[in-house]
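Right, one structure below, let's go through it.
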C-alpha cells in the first residue's frame, strides 16, 4: 500500500499515512500544484536557488508552514551539496534559511532535531527524501539523497548521528523513503554504477530475493547504461544501519513519471522548481 497519501489540507501535500498515529509529529512532501510560482517554476516551488521570484518562494513557504501549524520563523533548512553532512538543529538555530539562502546551514544535506516547534525542510526534483523518527527519544531527522548522497550512505550517517546526539537506538527508529525518480526512469552511466557496485557487497540481501526490488537493471534503450533504484538502495542502507525492515515505509511514486504532480529535473531538463520534504515535532 502506498504510504504517501494526499492530505486533507492543501492539495499539494502528501503525508506519511502510517505515521499519523504519531500525532506529536508531522512529516510529508509537497507536489507542484497550487502555489504562487510562475512558469517554469509553477506553482509550489519552495527553493530560492532555481531562479524563481523570491517573494513567490516566501509565499509558498509561509503557506506550507502555516498549513502544518508552524510559521515561517520555524522553517529550517540547509544549503544542499549532495554530501552526507548532518547538522543538529538547536532552539537557537530555529528559522535558519527560512527567508534567505545565506543563513541556511552550509554544505548540509541532513538535519536532525529534538526541539519541538522546529520545522526541518529540504528540496527535491528527483532526488530521494529520507525521513527518520525516534518515538522513544522524540527526535526527528531529514536527509536529501541523490546518487552521491546515497553511495556516501547519508542514511547510515543520520542513524549514527541521531544515536550519538540523542541516544537513539537504530531498532527503535522508524523511517520513510519519499517520492523520487524511480528505476523506471533513472538511467545512469558506468561512472555512477562503479560507485554503486563498490558499495553493493556491503548491503544486506533482501529476506525474500524472489520478491525483492532490484538495485539496478540493464537499460533497454542503451545497453551500456543501467536503470538505478535509489529507493531500494537507500532502504538497504537503512537496514545496514540497524533500522528494522518492518520500520521502513517506501513510496511507489516516481517524480519523472508524474510531471503533472511533481517537478522533475530530468523530465524538464534542469529548468524547474523544487518540492519540499518536511518533518517536525509539534509544540504542545
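Observations, loosely collected:
- Counting neighbouring beta carbons within 10 Å and listing from fewest to most, the residues 111, 230, 199 come out as 199, 230, 111.
- With a cut-off of 18 Å on the backbone N, the residues of the range 49-81 near the modelled label site 7 Å out from residue 165 along Cα-Cβ are 74-81.
- Taken over the range 22-134, the ratio of Cα radius of gyration to 2.2 N^0.38 Å equals 1.01.
- Working ranking of peptides 117-128, 246-257, 73-84 by packing, defined as the average number of other Cβ atoms within 10 Å per residue, highest first, is 117-128, 73-84, 246-257.
- Inter-site label distance for residue 92 and residue 6 at 7 Å from Cα along Cβ, in nm: 4.5 nm
- Projecting label points 7 angstrom from Cα along Cα→Cβ for residue 22 and residue 195 puts them 2.8 nm apart.
- For the pair residue 217 and residue 107 in one chain, pulling the backbone fully straight at 0.36 nm per residue adds 36.4 nm over the alpha carbon distance.
- In Å, descending, principal axis extents of the Cα set of the chain: 47, 45, 34
- Across all directions, the average flat footprint of the convex hull enclosing the Cα atoms of the range 14-72 is 4.3 nm².
- Per-residue packing, averaged as other Cβ atoms within 10 Å, sorts the ranges 215-222, 153-160 into the order 153-160, 215-222, beginning with the highest.
- For the range 147-209, radius of gyration divided by Kirkwood radius, i.e. Rg to Rh on alpha-carbons: 1.02
- Calculated [222 nm] ellipticity per residue, helices only, for the chain: -5500 deg cm²/dmol; basis is -39500 (n - 2.57) per DSSP H run with n ≥ 4, divided by all residues, nearest 500.
- Listed by Cβ neighbour count within 10 Å, with the fewest neighbours leading, 67, 198 appear as 198, 67.
- Gain in span if fully extended, residue 172 to residue 49, counting 0.36 nm per residue against the direct Cα distance: 40.7 nm
- Short to long, the 5 Å bins of the Cα pair-distance histogram for the range 89-170 hold 3, 15, 25, 25, 20, 11, 2 percent of all pairs.
- Full extension of the chain between residue 185 and residue 283 yields a length gain of 31.3 nm, computed as 0.36 nm times the residue separation minus the alpha carbon distance.
- Shown here is the pair-distance distribution of the range 134-242: with all Cα-Cα distances grouped in 10 Å bins from zero up to the longest one, the shares run 14, 43, 31, 10, 2 percent.
- Relative exposure of 181, 5, 239, judged by other C-beta atoms within 10 Å (fewest first): 5, 239, 181
- Taking all Cα pairs closer than 8 Å and separated by 6 or more residues, the relative contact order of the range 223-284 comes to 15 percent.
- Cα point-scatterer Debye curve for the range 178-268, base-10 log of I(q)/I(0) at q = 0.10, 0.11, 0.19, 0.22 Å⁻¹: -0.28, -0.34, -0.98, -1.20
Laboratory data are not the source of any read-out in this text; all were calculated from the coordinates shown. What you are looking at is a predicted structure, and each value in this text was computed from that prediction instead of being measured. All Cβ positions, glycine included, derive from the backbone under ideal geometry; neighbour counts span all protein chains shown.
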